[in-house]
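*Asks:* Once you've had a glance at the structure underneath, I'll fire off some questions.
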């Protein structure tokens, strides 16, 4: 991606470093799913509380969405076909909607309904196909709600504070590096005053994947009555 100071490659790897680092999401998502399924198998039969079972299902769904983010990102940064937003955007929108919905449900004391996050995921497909710009706007809105609600939740809920704050810091650092490597910014120009051409989007992939993996265990948790 020349517009983002990305290292250019040849077909089918248009942006090789961003393509390979996209797999960090696949690894993070798989780790979430494996951890939840292992925990479920390790729990004695008949001892799992309904809320715990619902939390496990929510985290498994989140892990699948995170892995799909990675697959979509590989498609976008690798072969980069014209239809890449259709596979890249919906799982990202869905993961953001899931985090936002879970935080809002916890803050308001309401039961989380699957359609709160599943509907945006499914609607993201025709939206990305019809207008990638509108899809990006939807992601920005979902991200703002997810970050705001998660921050408020961390403030009110000490049990999830450490993981949530650490995840938000990783996202902030990754976003900052991504910004500094945009055209006109110091880390984009190797001939500039800083003398560095950092592949910021690749760094963002790794830090964002780590943040989502770190955040996963907080999903579905609720304050004790």
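*Asks:* Test each condition in (1) over 17 Å from residue 135 (Cβ atoms); (2) buried (at least 20 other Cβ atoms within 10 Å of the Cβ) for residue 107 and report the one that comes out false.
*Replies:* With (1) over 17 Å from residue 135 (Cβ atoms); (2) buried (at least 20 other Cβ atoms within 10 Å of the Cβ) applied to residue 107, the lone miss is (2).
*Asks:* Write out, first by first residue and then by second, each pair whose Cβ atoms fall under 6 Å of each other, whose residues are 6+ apart or on separate chains, and whose first residue, in the range 196-224, is closer than 14 Å to residue 172 by Cβ while the second is part of a loop (DSSP other than H, G, I, E, B) and modelled with pLDDT under 90.
*Replies:* Close Cβ pairs (under 6 Å, with a partner that is part of a loop (DSSP other than H, G, I, E, B) and modelled with pLDDT under 90) amount to 200/181.
*Asks:* Continuing with this model, one more query. Could you please give the count of residues in the range 75-98 that are under 20 Å from residue 33 (Cα atoms) and at pLDDT below 95?
*Replies:* Final tally of qualifying residues: 0.
*Asks:* Run down 61, 101 and say which single residue is surrounded by fewer than 24 Cβ atoms within 10 Å (Cβ to Cβ), at pLDDT 95 or above and in a helix (DSSP H, G or I).
*Replies:* Testing whether each residue is surrounded by fewer than 24 Cβ atoms within 10 Å (Cβ to Cβ), at pLDDT 95 or above and in a helix (DSSP H, G or I) leaves just 61.
*Asks:* Shifting gears a bit: Residues to consider are 149, 105, 144, 129; find the one that is touching a helix residue (DSSP H, G or I) at 6+ places or on another chain (Cβ under 6 Å) and within 24 Å of residue 213 (Cβ to Cβ).
*Replies:* So the residue among 149, 105, 144, 129 that is touching a helix residue (DSSP H, G or I) at 6+ places or on another chain (Cβ under 6 Å) and within 24 Å of residue 213 (Cβ to Cβ) is 149.
*Asks:* Quick one: would you say residue 145 is out of contact with any strand residue (DSSP E or B) (no Cβ under 9 Å at 6 or more places or on another chain) and surrounded by 18 or more Cβ atoms within 10 Å (Cβ to Cβ)?
*Replies:* no
*Asks:* Also, I was wondering about something else. If you go through the range 159-184 one residue at a time, how many are assigned to a helix (DSSP H, G or I) and farther than 18 Å from residue 100 by Cα?
*Replies:* 8
The values are calculated or read from the model by the stated rules, or taken from the named source; none is laboratory data. All of these numbers come straight from a predicted model, not from anything done at the bench. A quick note on method: Cβ atoms are made from the backbone with ideal geometry, for glycine too, and the neighbour counts reach across all protein chains shown.
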